[in-house]
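Novice: Pasting a structure here, questions to come.
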Protein chains: 2
Amino acid sequence: MRLAKLLLPACLLPVLAAAAEPTQVPDAALATAEALRERALADDTGWKIVESLTTEVGPRLAGSEADARAVAWAQAKFRELGFDRVWIEPVRFPTWERRSEHAAVLGENAQPVVVTALGGSPGGTVEAQIVRFESMEALQAAPAGSLAGRIAFVDFDMQRTRDGSGYGKAGAVRSRGPSEAIRKGAIGYLMRSIGTSPHRVANTGITRFDEGLTPIPSAALSLPDADQLARLLARGPVRVRLALDCGWTGAEYTSHNVIGEITGREAPEQVVVIGAHLDSWDLGTGAIDDASGVGITMAAGRLIGQLPQRPRRSIRVIAFANEEQGLLGGREYARRHADDVTNHVIAAESDFGAGRIYGFSTSAPAHADAATRRFAQALTPLGIEHMPGKGGPGPDITPLAAVGGAWAWLGQDGSTYFDLHHNADDTLDKIDPQALAQNVAAYAVFAYLAAEAQGDFGSAPKQVATP
Amino acid sequence: MRLAKLLLPACLLPVLAAAAEPTQVPDAALATAEALRERALADDTGWKIVESLTTEVGPRLAGSEADARAVAWAQAKFRELGFDRVWIEPVRFPTWERRSEHAAVLGENAQPVVVTALGGSPGGTVEAQIVRFESMEALQAAPAGSLAGRIAFVDFDMQRTRDGSGYGKAGAVRSRGPSEAIRKGAIGYLMRSIGTSPHRVANTGITRFDEGLTPIPSAALSLPDADQLARLLARGPVRVRLALDCGWTGAEYTSHNVIGEITGREAPEQVVVIGAHLDSWDLGTGAIDDASGVGITMAAGRLIGQLPQRPRRSIRVIAFANEEQGLLGGREYARRHADDVTNHVIAAESDFGAGRIYGFSTSAPAHADAATRRFAQALTPLGIEHMPGKGGPGPDITPLAAVGGAWAWLGQDGSTYFDLHHNADDTLDKIDPQALAQNVAAYAVFAYLAAEAQGDFGSAPKQVATP
């Protein structure tokens, strides 16, 4: 690791000088990639990894006792899978805990409702009338102070989409809703889960309170419970008790990014990064978020490691720490490796479940177009379409991309992702082993071809405001 | 009510004497039934009743504060729907309460698992290794004392069926499993939920402990959690903490069967009974179990009540108390009306969800065959098949049938019933309004034709060991 970093200044200029030359993928590499692809489709390593992580570690909230077990598990798994180098890099963050959560309608229609605290919410018990808003915009439009002594209830209905675009639109309800509610005077915050499940599972996820505001208990309702509150409100005022026991503990925790590498035979310091995040929320066992990504990328790395010879460049598989509470592992990785970004040839994270991959794109510039098309050609038999201009870097790759790293997008079908995302239903049984194998095949093909390619995909240092 | 009972001795003999005469359904009644059927299909009264009960009362565990609200709701609803007579009959029973429930795997694979206490379970916290059995038979075959200090775990996988026959086979795991486990020395009992839902919802339901045994904490796991324990057991011993706070309170409670009647124009003392149970388990809002039955039968009664003239006999719609903890309402009704059984012309309960009705049969003897076939003829356009010999009385009708009451079966498609039955997912959104209307149509047709028929369907006093 230190070696690669020391070499950087020496190799930086030649790489940049070659940037205008077309990036090439040798024919032999393509043939090997095709064989890898077929082997991956018939291989259940990805599934076994997901089964192992979700069963043996189970839920692995960042900073919890299970976080350390997950880190130990990942190191052991990389070794078991035959990776050449396995190491960890520390990631430090404050810890948040969920202890208990209850909510109930009070009065003549008294009944419990299913809620889950948002990550970052303080504990506390509030009893008040709820005021419903159909969207963030409606909440924002409420007069200042109009929610004094009330619980805000944002009942925004997220749309089911293949590409997850519904999440983008709904995200503000969780991230900014609580702060907005406080500004209007609210003493508690309830939201319809950002999710598409018709079952009695509520979706957690991190929220942040703007500086200067006093945080309020904030929770998400399952969809049937949000509907129930809306029906009750149609009959008259509704009073709710929200009782959360949770919060930031005040302690700092050191977790780790866990890294396994298949060392390149010619340019070991140049790395193709694939990865996923190791942590999960605590409600399910983090099967589709993101044990599947861990399984997909570890299995892809292993398949490449089983070839008769090592790829030209290194394959670096990263199991990122604490994605869920703010990309802490991804940010720390980018900070630590920012001066080595040119050697990060291209990077992709699998963090959108275990649905089949349907689209592929990269951030690579024009001189890599021919190479990118060869990638796409090798992915076509998997039902994957080349979709230039679509997609983006996975969450933990975003900070690396921000400092200049090239990225690839292997777009998964997320139509059912938000049935499970951040709720108790995110368990192993929801994963289709065949779809998972298709993902492994795609990652193996992509990573191998990027490792065998001659030339770059546009990675180069970029000045950023906050590295 | 008392009048009908006093009349019984006088009318008993003539009715019995007429029993050999063929029971007849007038042509005019058939035409009216057909009109009723079409009106029912276009009517949303059933849906509105279900919406009202599940929203305003919500969960209504027998003996809870919500039980009294449900009884008040049902009386008001009968009146609002235009029933001629509305009354209540007391039903007394002990009360059981659920306060909290937790379970977790301990040790190196530490993680919570989703459980729910079985109705009737005592509270208590036990920590022990679990011992898995694939069936009740396997548990029964375990040597006496072999579970000393252990938690029994019966992992029987219930089959999904249209007619609910899978429930019959799985039922013993809940009803007799805990007692069997105690006899083998177990200190706690876990079972795979009797259910078919792949979601993180566990199914409750009543259990009983055999006399002379000391009850042990007994709970059901969601299916994904049962699978998780099985996977962990495949790796080695599994230690679990089961912590239940629940139990019989020691108090007795008086609930009520709530009865609404459309009074017959010629033979008001003769009643066609349709009904459902008013109570529910506490985890969902009791939408398919059994607000749907309440909505179906109340709406059918109302439609008949809206005809230009009252039917020849009375239509009696019964919302039974406390079905869930042992047919307490149904038993009390049969006890109270046993000497009036001949006037209970025929009875049917809707207590298998809100799926479409696909089959019809009755317990009626041969002399009523022609009449029964006319019923079937009027039901055929609803996609309902005449299936003589199939089905049985609904749960709350069983005690009435035991003392000699004739019954009808309007068999609902229960393919998805056990995705929701006795778990938190039993909420309004799971009901298809069109299927519900088909049920209302079938009950209206059946009840009306039975009320217009000349002759009996075989109801006659029967000597029973335990009335």
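The values are calculated or read from the model by the stated rules, or taken from the named source; none is laboratory data. All values reported here derive from a predicted model rather than from experimental measurement. Cβ atoms come from the backbone with ideal geometry, glycine included; neighbour counts cover every protein chain shown.
Novice: Restricting the search to segment B:136-168, which residues are modelled with pLDDT of 95 or more, touching a helix residue (DSSP H, G or I) at 6+ places or on another chain (Cβ under 8 Å) and among the polar types (S, T, N, Q)?
Specialist: Passing the criteria: only B:Q140.
Novice: Restricting attention to segment A:179-192, which residues are crowded, with 19+ Cβ neighbours inside 10 Å and either within 14 Å of chain B (Cβ to nearest Cβ) or not hydroxyl-bearing (S, T, Y) (or both)?
Specialist: Hits for segment A:179-192 are A:E180, A:A181, A:I182, A:K184, A:A186, A:I187, A:G188, A:L190, A:M191, A:R192.
Novice: Might you let me know whether segment A:196-204 holds any residue that is touching a residue at least 24 places away in the same chain (Cβ under 8 Å), away from chain B (no Cβ under 14 Å) and buried (at least 24 other Cβ atoms within 10 Å of the Cβ)? So that I can check it myself, show each step before the final result.
Specialist: If we filter segment A:196-204 for residues that are touching a residue at least 24 places away in the same chain (Cβ under 8 Å), which is where we start, we get A:196-204.
Add one more test, that the residue is away from chain B (no Cβ under 14 Å), and what stays is none.
Among the residues of segment A:196-204, not one is touching a residue at least 24 places away in the same chain (Cβ under 8 Å), away from chain B (no Cβ under 14 Å) and buried (at least 24 other Cβ atoms within 10 Å of the Cβ), which makes the answer no.
Novice: What is the residue count in segment A:120-148 for residues that are within 30 Å of A:L61 (Cβ to Cβ), of a type outside the set (S, T, Y) and not in a helix (DSSP H, G or I)?
Specialist: The total comes to 9.
Novice: Is it the case, given these coordinates, that B:P381 is assigned to a loop (DSSP other than H, G, I, E, B) and not assigned by TED's automatic domain parsing to the domain that holds B:V201?
Specialist: It is false that B:P381 is assigned to a loop (DSSP other than H, G, I, E, B) and not assigned by TED's automatic domain parsing to the domain that holds B:V201.
Novice: Filtering segment B:108-150 down to residues that are away from chain A (no Cβ under 14 Å) and closer than 30 Å to A:D67 by Cβ, which residue is surrounded by the most Cβ atoms within 10 Å (Cβ to Cβ)?
Specialist: The qualifying residue surrounded by the most Cβ atoms within 10 Å (Cβ to Cβ) is B:I130.
Novice: Kindly indicate which of A:G458, A:G405, A:G391, A:G411 is under 30 Å from A:P268 (Cα atoms), assigned to a loop (DSSP other than H, G, I, E, B), in contact with a Lys or Arg (Cβ under 9 Å, 6 or more places away or on another chain) and at pLDDT 95 or above.
Specialist: Among A:G458, A:G405, A:G391, A:G411, only A:G405 is under 30 Å from A:P268 (Cα atoms), assigned to a loop (DSSP other than H, G, I, E, B), in contact with a Lys or Arg (Cβ under 9 Å, 6 or more places away or on another chain) and at pLDDT 95 or above.
Novice: When you scan segment B:169-183, do you find a residue that is in a loop (DSSP other than H, G, I, E, B) and under 19 Å from B:L229 (Cβ atoms), even just one?
Specialist: Among the residues of segment B:169-183, not one is in a loop (DSSP other than H, G, I, E, B) and under 19 Å from B:L229 (Cβ atoms), which makes the answer no.
Novice: Among the residues of segment A:205-224, write down those that are away from chain B (no Cβ under 14 Å) and under 18 Å from A:K169 (Cα atoms).
Specialist: A:G205, A:I206, A:T207, A:R208, A:A220 - these are the residues of segment A:205-224 that are away from chain B (no Cβ under 14 Å) and under 18 Å from A:K169 (Cα atoms).
Novice: Moving to a separate point now. Would you be able to tell me the number of residues in segment A:116-142 that are hydrophobic (A, V, I, L, M, F, W, C) and free of Cβ contacts under 8 Å to residues at least 60 places away in the same chain?
Specialist: From segment A:116-142, those hydrophobic (A, V, I, L, M, F, W, C) are A:117-118, A:126, A:128, A:130-131, A:133, A:136, A:138-139, A:141-142; that's our starting set.
The next check asks that each one be free of Cβ contacts under 8 Å to residues at least 60 places away in the same chain; those that pass are A:131, A:133, A:136, A:138-139, A:141-142.
So the answer is 7.
Novice: Sticking with this structure for a sec: I need a count of the residues in segment B:206-227 that are acidic (D, E) and closer than 27 Å to A:S52 by Cβ.
Specialist: 2
Novice: Would you be able to say whether some residue in segment A:244-259 is within 14 Å of chain B (Cβ to nearest Cβ) and either on the phi < 0 side of the Ramachandran plot or surrounded by 20 or more Cβ atoms within 10 Å (Cβ to Cβ) (or both)? Can you show your working first?
Specialist: Quick first cut of segment A:244-259, residues within 14 Å of chain B (Cβ to nearest Cβ) only: A:245.
Now restrict to residues that are either on the phi < 0 side of the Ramachandran plot or surrounded by 20 or more Cβ atoms within 10 Å (Cβ to Cβ) (or both): A:245.
Yes.
Novice: Do the conditions hold for A:D419, that is, is it at pLDDT 95 or above, under 16 Å from A:I296 (Cα atoms) and acidic (D, E)?
Specialist: no
Novice: Can you pull out every residue in segment B:51-63 that is under 21 Å from B:L428 (Cβ atoms) and more than 10 Å from chain A (Cβ to nearest Cβ)?
Specialist: B:L53, B:L61, B:A62
Novice: Please verify whether B:D413 is touching a strand residue (DSSP E or B) at 6+ places or on another chain (Cβ under 6 Å), under 23 Å from B:G166 (Cα atoms) and either without any contact (Cβ under 8 Å) to a residue 60 or more places away in the chain or not small (G, A, S) (or both), treating the condition exactly as stated.
Specialist: Spelling it out, B:D413 is indeed touching a strand residue (DSSP E or B) at 6+ places or on another chain (Cβ under 6 Å), under 23 Å from B:G166 (Cα atoms) and either without any contact (Cβ under 8 Å) to a residue 60 or more places away in the chain or not small (G, A, S) (or both).
Novice: For segment A:284-322, enumerate the residues that are out of contact with any Asp or Glu (no Cβ under 7 Å at 6 or more places or on another chain) and within 14 Å of another protein chain (Cβ to nearest Cβ).
Specialist: A:A291
Novice: When you go through A:R69, A:R98, A:R92 one by one, which is the residue that is in a strand (DSSP E or B), within 14 Å of chain B (Cβ to nearest Cβ) and surrounded by fewer than 22 Cβ atoms within 10 Å (Cβ to Cβ)?
Specialist: Just a single option satisfies the conditions, and that option is A:R98.
Novice: Additional query: Only one of these is in contact with a strand residue (DSSP E or B) (Cβ under 8 Å, 6 or more places away or on another chain), in contact (Cβ under 8 Å) with a residue 40 or more places away in the chain and over 30 Å from A:D245 (Cβ atoms): A:V86, A:V105, A:V91, A:V113. Name it.
Specialist: Every option except A:V86 fails the conditions.
Novice: Of the conditions (1) over 15 Å from B:S218 (Cα atoms); (2) surrounded by 20 or more Cβ atoms within 10 Å (Cβ to Cβ), B:D155 fails just one. Which one is it?
Specialist: (1)
Novice: Something else about it: For segment A:356-368, which residues satisfy the criterion of being assigned to a helix (DSSP H, G or I) and free of Cβ contacts under 8 Å to residues at least 60 places away in the same chain? Can you show your working first?
Specialist: Going residue by residue through segment A:356-368, those that are assigned to a helix (DSSP H, G or I) are A:366-368.
Residue satisfying the conditions is A:A366 alone.
Novice: Here's something else I'd like to know. Which one of the conditions (1) more than 14 Å from chain B (Cβ to nearest Cβ); (2) out of contact with any helix residue (DSSP H, G or I) (no Cβ under 9 Å at 6 or more places or on another chain); (3) modelled with pLDDT of 95 or more does A:L449 fail to meet, given that it meets all the rest?
Specialist: A:L449 satisfies all of (1) more than 14 Å from chain B (Cβ to nearest Cβ); (2) out of contact with any helix residue (DSSP H, G or I) (no Cβ under 9 Å at 6 or more places or on another chain); (3) modelled with pLDDT of 95 or more except (2).
Novice: When you go through (1) more than 19 Å from the chain's Cα centre (by Cα); (2) assigned to a loop (DSSP other than H, G, I, E, B); (3) among the hydrophobic types (A, V, I, L, M, F, W, C) one by one for B:L61, which number turns out not to apply?
Specialist: Every listed condition holds for B:L61 apart from (1).
Novice: Only one of these conditions is not met by B:G326: (1) surrounded by fewer than 22 Cβ atoms within 10 Å (Cβ to Cβ); (2) touching a strand residue (DSSP E or B) at 6+ places or on another chain (Cβ under 9 Å); (3) more than 20 Å from B:I206 (Cβ to Cβ). Which number is it?
Specialist: It fails just one condition, (3).
Novice: Look through A:G168, A:G164, A:G145 and report the one residue that is among the small types (G, A, S) and under 23 Å from A:V238 (Cβ atoms).
Specialist: A:G145
Novice: State whether the residues of segment A:79-87 include one that is part of a helix (DSSP H, G or I), modelled with pLDDT of 95 or more and either within 19 Å of the chain's Cα centre (by Cα) or away from chain B (no Cβ under 14 Å) (or both).
Specialist: The answer is yes; a qualifying residue exists.
Novice: Could you check segment B:205-247 and list, in sequence order, the residues that are free of Cβ contacts under 8 Å to residues at least 24 places away in the same chain and among the aliphatic types (A, V, I, L, M)?
Specialist: B:A234 - this is the single residue of segment B:205-247 that is free of Cβ contacts under 8 Å to residues at least 24 places away in the same chain and among the aliphatic types (A, V, I, L, M).
Novice: Somewhere in segment B:261-281, is a residue within 25 Å of B:N423 (Cα to Cα), buried (at least 18 other Cβ atoms within 10 Å of the Cβ) and within 14 Å of chain A (Cβ to nearest Cβ)?
Specialist: There is at least one residue in segment B:261-281 that is within 25 Å of B:N423 (Cα to Cα), buried (at least 18 other Cβ atoms within 10 Å of the Cβ) and within 14 Å of chain A (Cβ to nearest Cβ).
Novice: Just to be sure, is B:A424 of a type in the set (A, V, I, L, M), modelled with pLDDT of 95 or more and not in a loop (DSSP other than H, G, I, E, B)?
Specialist: Judged against the criteria, B:A424 is not a match.
Novice: Being surrounded by fewer than 24 Cβ atoms within 10 Å (Cβ to Cβ), small (G, A, S) and in the same structural domain as B:D351 (by TED's automatic domain parsing) is the requirement here; does B:A402 meet it?
Specialist: Values: surrounded by fewer than 24 Cβ atoms within 10 Å (Cβ to Cβ): yes; small (G, A, S): yes; in the same structural domain as B:D351 (by TED's automatic domain parsing): yes.
Answer is yes for this residue.
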